[in-house]
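Read the figures in this text as sums done on the coordinates, not as results from a lab. The structure displayed is predicted, hence computed values, not measured ones. Positions of Cβ are backbone-derived with ideal geometry, glycine not excepted, and every protein chain shown enters the neighbour counts.
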Amino acid sequence: MKQIQMTQNPSFSLISTNKIIQMNNVWTSYDSKNFALEGINLSISRGTNYAIVGQSGSGKSTLLKLMNGMMIPSKGTIKIDYVTPNINNKKFKKMMHTIGYIPQSLGLVKNITVLENILIGALPRLTKLQSLFKKFPESEIQEAKRIMSLVGLSGKEDRKAYMLSGGEKRRVAIARALMQKPTILLADEIVSELDHVTAREIMNLIADAQKRMNLTAIMVHHDMQLALEYANRVAVIKEGRKILEIGVEGDTIVDFQTGDLNTEEIMEMYSDDTKK
Amino acid sequence: MTPKNNIIIGIIIALVVVASYNVDANPLEFAKGLPNLAIVAEEMFLVEPKYIPTALWAMFETIQMAFIGTVVGTAIALPLSMLAARNLNSKYVYAPVRALLAAIRTFPSILWAILFVIMVGLGTFAGVLAIVMYTVGFVAKLQYEAIETIDSDPMDAVNSIGVSKWQLIRYVVIPESASHLLSQMLYMFDYNVRQTSILGLVGAGGIGFYIINYIKFFEYGKAAIFMLVVLVTVLFIDWASVKIRDKYIIKSQHGMKVITK
């Protein structure tokens with residue numbers, strides 16, 4: 001089955017060997033003694049739906065901030081498409097235009113409308129004058145509206161962001177990220193505060209976009225079940241270390257260290273490791 | 001109350017008494033002077049009604065001066081506040097701008113008025129310039145403080161798109177601090193009307209110019225009428241700005257509707 005897929009779409013195997021994100025022995029610290037991450041190695045292929053799972057304080061949000069250049073490691077190397085992420089690096093700053101980042105707080109601008117919030121994703125494509133006078137080209141507005149209908153926000157263009165529900169706010173944040181025409185999508189616990197139904201809706205939305213745009217999606221969760229359901233690959237982070245990395249192919253889970261395992265065993269391992 | 005507190009209170013009272021003696025602040029004089037108020041009140045009724053339109057016109061002139069000063073001052077203060085905000089600039093930018101703003105604020109508006117009277121001569125223009133300076137110093141401070149309290153989450157999220165600093169200001173900083181700005185402008189206008197009313201004392205135009213001249217010629221009744229106009233106007237503006245703030249500004253800041261009876 002896997003073989004057939006690869007021959008049908010030869011470019012897939014070519015792209016999948018292309019590592020879009022590589023982290024080598026990455027350490028980060030907020031002060032000289034306490035490390036948030038301790039020697040993380042990660043290698044993520046282009047087009048993967050990747051999940052990072054861990055409890056709060058395990059360092060998983062830090063991992064995302066390292067990938068979009070908002071934080072710099074104290075030791076080790078990171079390459080995003082062969083460029084070292086750093087907001088002060090001009091080459092990387094250009095790459096940031098196509099890295100969608102959805103923080104846990106979502107980071108919406110409260111006092112502007114839904115449409116304006118989404119159009120922020122298009123700002124890097126605007127000229128100085130256009131952005132000064134809020135003159136978005138008609139094509140960008142049409143694109144924003146198209147994305148809005150995609151994420152289920154049609155008709156809410158003029159609603160102020162502070163008036164939205166939790167689920168709607170997440171849709172706006174996703175739409176803003178998609179507006180960037182991203183190659184990488186980073187999302188930090190985007191569904192953790194939602195009810196089950198809404199959480200699944202939001203996850204399906206991202207999974208759809210990920211497949212259609214061949215995005216590399218890296219999503220942080222604290223719910224292992226959700227991660228296994230949607231991701232092709234899951235890394236478990238505990239106290240700043242990667243303790244497990246598994247591949248998910250349908251119902252089969254491949255542990256890269258110990259061989260094949262079933263879902264139950266993984267869930268057990270995960271709960272043993274994280275709840276001790 | 002502990003004995004220590006009693007001693008401290010005793011010392012403070014003693015200091016007030018000694019200082020009053022030094023500056024000739026005698027409560028008896030105050031009591032003796034009270035009947036003078038009655039004389040002024042009596043004179044007020046003797047003032048011919050033809051002075052009332054003059055008083056209203058002078059007040060209108062004062063309000064216009066305060067309005068120009070508030071708007072122009074705020075327009076100058078805005079870019080300065082962006083430069084003075086610690087979360088938008090490096091130390092080398094915000095520190096000198098803050099020092100400049102602090103220096104502007106050190107002068108009360110009446111001293112600015114004296115300076116501008118020397119520069120551009122007697123009259124309302126000097127008063128307007130004084131109000132502009134005062135507004136710049138204060139609104140810039142209020143505004144950079146508002147910018148510094150903006151939620152850092154949208155700033156970080158939009159920054160992570162790799163936008164320019166000007167785009168960040170245009171799409172996050174201004175919208176998130178705009179409701180504060182409106183409220184500050186109202187407050188400043190309210191305050192500036194009061195300020196402008198006394199700038200005439202140093203020859204910088206407005207209703208204060210009439211008041212000081214009547215006082216110089218011992219026409220206390222007329223001076224009192226003009227002061228009464230100031231009082232009523234200020235009370236009205238105060239009331240109106242509270243209404244406007246409740247209706248438009250508090251709502252947009254908290255994202256809810258304020259129920260007004």
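Points to keep in mind about this one:
- Dipole moment magnitude, nearest 20 debye, region B:47-254 about Cα centre, only Lys, Arg, Asp, Glu C-beta charged: 220 debye
- Mean projected area (nm²) of the alpha-carbon convex hull when region B:47-254 is viewed from all directions: 13.0 nm²
- The string of couplings for region A:67-76 from the Karplus curve (6.51, -1.76, 1.60, θ = phi - 60°) is 6, 9, x, 7, 9, 10, x, 7, 8, x Hz, one whole number per residue in order, with x for Gly and Pro.
- Note that region A:168-178 has calculated 3J(HN,Hα) couplings of 5, 4, 5, 4, 5, 4, 5, 4, 4, 5, 5 Hz, one per residue in order, obtained from phi through the Karplus relation 6.51 cos²θ - 1.76 cosθ + 1.60 (θ = phi - 60°); glycine and proline are x.
- Helical runs (DSSP H, four residues minimum) scored at -39500 (n - 2.57) apiece and divided by the length of chain B put the mean residue ellipticity at 222 nm at -26500 deg cm²/dmol.
- Degrees between helix B:124-148 axis and first principal axis of chain B (Cα, 0 to 90, nearest 10): 40 degrees
- The string of couplings for region B:241-247 from the Karplus curve (6.51, -1.76, 1.60, θ = phi - 60°) is 6, 5, 4, 4, 4, 4, 6 Hz, one whole number per residue in order, with x for Gly and Pro.
- Ranked for footprinting exposure by Cβ neighbours inside 10 Å, fewest first, A:221, A:196 give A:196, A:221.
- Cα-based radius of gyration for region A:148-229, normalised by 2.2 N^0.38 Å, reads 1.07.
- Acute angle (nearest 10 degrees) that the helix B:109-120 long axis makes with the longest principal axis of chain B, alpha-carbon atoms: 90 degrees
- Within region A:34-90: Cβ-based charge dipole about Cα centre, in debye rounded to nearest 20 (Lys, Arg +1; Asp, Glu -1): 120 debye
- Over the Cα atoms of region B:108-151, the radius of gyration divided by the Kirkwood radius equals 1.22; this is the Rg/Rh ratio.
- Seen from residue A:97, the other residues with C-beta closer than 11 Å to its C-beta sum to a net charge of +4, counting Lys and Arg as +1 and Asp and Glu as -1.
- The protein assembly as shown shape via C-alpha gyration tensor axes, a/c threshold 1.5: prolate
- Centre-to-centre, using Cα atoms only, region B:132-180 and region A:20-86 are separated by 30 Å.
- Ignoring lysines fewer than eight residues from residue A:169 along the same chain, the ones with Cα atoms less than 17 angstrom from its Cα are A:110, A:145, A:156, A:160.
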